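This report refers to the structure that appears directly beneath it.
The values are calculated or read from the model by the stated rules, or taken from the named source; none is laboratory data. Predicted model, so just to flag it, every value in this text is computed and none were measured. With ideal geometry, Cβ positions are generated from the backbone for all residues, glycine too; neighbour counts draw on all protein chains shown.
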Amino acid sequence: MSAKQTLLRTLPVDLDPARLPKHVAVIMDGNGRWAQGRGLPRIVGHQRGVDALKDLLRCCDDWGIEALTAYAFSTENWGRPLEEVDFLMTLFERVLRQQLREMMEENVRIRFVGNLETLPPSLRAEIDRAMEETVHNTGIQFTVATNYGGRQEIVEACRAIAEQVKRGELDPAAIDRELFARHLYTVELDDPDLLIRTSGEMRISNFLLWQVAYAELYVTDTLWPEFDREAFRQALLSYQQRDRRFGKVASR
Ligand code: FPP
């Protein structure tokens with residue numbers, strides 16, 4: 001079945017295919033609370049969180065959304081108990097190893113953004129392998145922010161630009177928004193149109209600070225492991241009711 005046929009067959013009838021976001025970003029919050037609420041260890045919540053993310057990726061692909069970016073681990077998450085951090089690192093590695101074949105079959109292009117150098121070497125090896133093997137895939141662009149911090153990303157961009165100025169390769173007057181954005185981890189992606197956060201917290205939490213300047217924000221009380229197609233439909237319905245003005249006057 002062609003991508004267009006899948007879209008027409010599976011997209012809920014109340015969603016307008018012409019007004020879907022091209023790029024959706026998600027802050028997957030509430031795994032720990034979901035598990036604790038059921039008397040389970042927090043790590044079970046993260047395992048279920050992976051299932052929710054896989055479902056969302058497939059749903060975005062079915063519905064013709066071009067890019068999905070997920071916040072998997074922030075630079076602040078190292079402050080969690082050692083056992084939980086170790087579990088998450090091992091989980092990321094295992095999921096990558098297990099899912100690579102399916103991602104190839106489904107033509108997914110995967111990227112990781114963040115400070116990848118300080119991740120455990122065995123995880124880095126899986127990340128490098130997954131990014132290399134999927135580099136020519138032309139389907140949905142799936143980006144995983146791991147050891148990611150928005151302020152750190154901006155500082156690193158500033159440093160790289162300053163180095164070019166110092167070497168005499170760049171005139172400070174030539175620094176504009178486009179040049180700056182080309183020094184961010186997300187250089188190959190358009191900015192997100194919609195940022196979803198689960199579990200009711202009204203925060204950006206250092207995620208894509210530059211890139212979400214004009215994203216529509218959607219916060220739901222649903223905890224991440226329970227964020228399913230129906231919850232995503234609700235987010236998209238809300239998005240389609242917004243009038244995106246980008247600082248200009250109303251368009252309708
Ligand atoms: C936030 O819930 C969730 C995380 C810090 C981890 C999210 C990671 C995944 C779902 C796995 C993604 C995996 C790959 C390979 C892409 P929380 O623990 O902060 O929940 P709480 O606020 O209820 O404590």
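Evaluate the following for residue 213: is it within 16 Å of the ligand (Cβ to nearest atom), modelled with pLDDT of 95 or more and of a type in the set (Gly, Ala, Ser)?
No: the conditions fail for residue 213.
Within region 204-235, count every residue that is part of a loop (DSSP other than H, G, I, E, B) and over 17 Å from residue 69 (Cα atoms).
Residues in region 204-235 being part of a loop (DSSP other than H, G, I, E, B) and over 17 Å from residue 69 (Cα atoms): 4 in total.
When the residues of region 216-247 are narrowed to those that are more than 28 Å from residue 44 (Cα to Cα) and among the basic types (Lys, Arg), which ends up modelled with the highest pLDDT?
Looking at the filtered set, the residue picked out is 242.
Using beta carbons and a limit of 7 Å, which pairs, at least six apart or on different chains, have the first residue in region 35-53 and within 30 Å of residue 141 (Cα to Cα) and touching a residue at least 40 places away in the same chain (Cβ under 8 Å) and the second one within 9 Å of the ligand (Cβ to nearest atom) and hydroxyl-bearing (Ser, Thr, Tyr)?
none
Can you name the residue in region 12-42 that is of a type in the set (A, V, I, L, M, F, W, C) and touching a Ser or Thr at 6+ places or on another chain (Cβ under 8 Å) and is also farthest from residue 191 (Cα to Cα) among such residues?
Once the filter is applied, the top-ranked residue is 28.
Pairs needed: first member in region 178-189, under 14 Å from residue 142 (Cα atoms) and at pLDDT 95 or above; second member anywhere, assigned to a helix (DSSP H, G or I) and charged (D, E, K, R); C-beta distance under 6 Å; at least 6 residues apart or different chains.
Once the first residue is under 14 Å from residue 142 (Cα atoms) and at pLDDT 95 or above and sits in region 178-189, its partners that are assigned to a helix (DSSP H, G or I) and charged (D, E, K, R) give 185/153.
Taking into account only those residues within region 32-59 that are part of a loop (DSSP other than H, G, I, E, B) and away from the ligand (no atom under 11 Å from the Cβ), which is farthest from the chain's Cα centre (by Cα)?
Applying the filter and picking the extreme gives 39.
From the residues in region 84-116 that are acidic (Asp, Glu) and in contact with a helix residue (DSSP H, G or I) (Cβ under 8 Å, 6 or more places away or on another chain), which one is nearest to residue 134 (Cα to Cα)?
106
Is one or more of the residues making up region 176-188 within 16 Å of the ligand (Cβ to nearest atom), within 16 Å of the chain's Cα centre (by Cα), surrounded by 16 or more Cβ atoms within 10 Å (Cβ to Cβ) and not hydroxyl-bearing (Ser, Thr, Tyr)?
Within region 176-188, not a single residue is within 16 Å of the ligand (Cβ to nearest atom), within 16 Å of the chain's Cα centre (by Cα), surrounded by 16 or more Cβ atoms within 10 Å (Cβ to Cβ) and not hydroxyl-bearing (Ser, Thr, Tyr).
Hey, does region 127-138 have a residue that's more than 10 Å from the ligand (Cβ to nearest atom), of a type in the set (Gly, Ala, Ser), surrounded by 14 or more Cβ atoms within 10 Å (Cβ to Cβ) and modelled with pLDDT of 95 or more?
Checked region 127-138: no residue is more than 10 Å from the ligand (Cβ to nearest atom), of a type in the set (Gly, Ala, Ser), surrounded by 14 or more Cβ atoms within 10 Å (Cβ to Cβ) and modelled with pLDDT of 95 or more.
Return the total of residues in region 60-93 being loosely packed, with under 14 Cβ neighbours inside 10 Å and within 12 Å of the ligand (Cβ to nearest atom).
Counting residues in region 60-93 that are loosely packed, with under 14 Cβ neighbours inside 10 Å and within 12 Å of the ligand (Cβ to nearest atom) gives 4.
Do the conditions hold for residue 17, that is, is it over 21 Å from the mean Cα position of the chain (by Cα) and away from the ligand (no atom under 12 Å from the Cβ)?
yes
Has region 156-171 got any residue that is on the phi > 0 side of the Ramachandran plot and within 16 Å of the ligand (Cβ to nearest atom)?
no
Identify, by number, the condition in (1) assigned to a loop (DSSP other than H, G, I, E, B); (2) under 13 Å from residue 71 (Cβ atoms); (3) among the charged types (D, E, K, R) that residue 153 doesn't meet.
(1)
Can you tell me how many residues in region 94-107 are aliphatic (A, V, I, L, M) and away from the ligand (no atom under 13 Å from the Cβ)?
Here the count works out to 1.
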